[in-house]
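The structure appears right after this line, and notes come after that.
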Amino acid sequence: MCKTIFRLLLIVALIFPGTSASAVLNGELTQVGKYVVPVHSAKSWCSGVAISTRVVITNGHCTRQNNQVFTDLSVGYPGSNQVVSGHYIKVVEVITEPGFTWDNPRTVPKDDIAFLILESELPSVSVIRVATETDIFEMRNKGEVLLLQGYGLTGEGSVENFRSGFPSNGYFSLDNSLLFDPTLQSISSKRSSACNGDSGAPVIWETGKDVVLLGVNVGGGGADSNCRKASRDGIFRTEVQIPSRHSGILDKSILKAKQYADLKAIQEAEAKAAAELKAKQEAEALAAAELKAKQEAEIKAAEELRAKQEAEAAAALKAKQEADARAVASKKTTITCLKGKISKKVTGLKPKCPSGYKLKK
């Protein structure tokens, strides 16, 4: 059978403004979607799923155009309204399989999976683990128990009328359709279909308290329609990239996330230490300035006191001298001396008449 028969229609990843709507054709709208996260750039809008607070899985074609990786990729909080939410975290690194390329919007490439390393942490992660081959074998014949939760369009027609705000849920079962890429797994549903915007949407198996990530959806309507059409048997099918079949870059993404987290922790610790050192230096400078001001004030006060004391001493001395002078002046007596008809007054402490003069009695 010709290989192109197994080629998949690609979800066209373009930003279109529009009203809120539920994602996944015939899906159930949810405002508490805890698995899916919105993955955006100026040229794409997709879905994704967090496997740790710093690692999100989506499709490789959501991260680039003409093999040029977007530099403005960001990830929203789980289940948030992708149209109005203000909570988006920058993607600092995109990890794909070596040699992964995509430049044809009408086909899905091989290894269409990408691991996004985030600049900071998401508030929560609901996936417990990724599915192993044993899990996948166990999922067979379970019926439509696989939850696809995505931000895709909701139907055919103008994109503005079918753009989702909150995600929605569709349920699928494991399917045995042959695929061109061994890292893919087909799933099917009698009711729900994947749509453009559901690229990277998580497919979850909730079994008891265990939450297992089968993988991320890659199928959608493609360039010619909003949603995947039903097959001749009336069944809707889509394809899922299995993370455990990409163990090399899966492990690499976990390691990279830890390195970024450790580096950020070091940078934050250094920044904190620098801030504390600056605060200490400023406090010491302030204390030194206050001490200098205090010393200068004490010196000024001492000089003022000395000047006051000197002024008081000078005033006291002057007062004493004046008092002494007045005391001396108060003890002087005046006598009258005569020489013939000449009379002369002499004043002193012990006044005496000049020679040739006689004291008038």
Plugging the Cβ-Cβ distance of residue 270 and residue 71 into 1/(1 + (r/R0)^6) at R0 = 22 Å yields, to the nearest 0.05, a FRET efficiency of 0.25
Spherically averaged projected area in nm², based on the convex hull that wraps the Cα atoms of the chain
38.0
Can you give the helix-only mean residue ellipticity at 222 nm for the chain, where every DSSP H stretch with n ≥ 4 adds -39500 (n - 2.57) and the sum goes over all residues, rounded to the nearest 500 deg cm²/dmol?
-9500 deg cm²/dmol
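Please arrange 118, 250, 255, 148 by counting, for each residue, the other beta carbons lying within 10 Å of its beta carbon, fewest first.
So the ranking, lowest neighbour count to highest, is 255, 250, 118, 148.
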GNM top mover of 214, 147, 178 - the chain, alpha-carbon springs below 10 Å:
178
Work out the P(r) tail for segment 247-352: percent of alpha carbon pairs separated by more than 17 Å, whole number.
80
Multiplying the sequence separation of residue 278 and residue 92 by 0.36 nm and subtracting their Cα-Cα distance, what value in nm do you get?
64.0 nm
Sort 151, 35, 88 by Cβ crowding within 10 Å, fewest neighbours at the top.
88, 35, 151
What distance in nm lies between label points placed 7 Å from Cα along the C-beta direction at residue 262 and residue 358?
13.2
As an exercise, use a Förster radius of 25 Å and the Cβ-Cβ distance of residue 106 and residue 190 to find the FRET efficiency, rounded to the nearest 0.05.
0.40
Full extension from residue 347 to residue 124: what is 0.36 nm times the residue separation minus their Cα-Cα distance, to one decimal in nm?
68.8 nm
DSSP beta bridges in the chain [antiparallel fraction, %, rounded to 5]:
95
With a cut-off of 8 Å between alpha carbons and a minimum separation of six or more residues, what is the relative contact order of segment 168-239 in percent?
31
Taking the chain as a Gaussian network, where each spring joins two C-alpha atoms under 10 Å apart, which residue of 190, 43, 318 fluctuates the most?
318
Long-range amide H partners of residue 229 with built H, under 5 Å:
none
Are there trypsin sites (Lys or Arg not before Pro) in segment 80-162 that DSSP puts in a loop and that have at most 12 other Cβ atoms within 10 Å, and which ones?
106, 140, 142
Taking 0.36 nm per intervening residue step and subtracting the Cα-Cα distance, what contour gain separates residue 289 from residue 233 on full extension?
11.5 nm
Mind checking segment 246-321 for GluC sites (Glu not before Pro) that DSSP puts in a loop (not H, G, I, E or B) and that have at most 15 other Cβ atoms within 10 Å?
none
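Please state the relative contact order of the chain as a whole percent: Cα pairs under 8 Å, 6+ residues apart?
Across the chain, relative contact order equals 19 percent.
Any read-out appearing in this document is the output of simple, stated calculations on the displayed coordinates, not a laboratory observation. What you are looking at is a predicted structure, and each value in this text was computed from that prediction instead of being measured. A quick note on method: Cβ atoms are made from the backbone with ideal geometry, for glycine too, and the neighbour counts reach across all protein chains shown.
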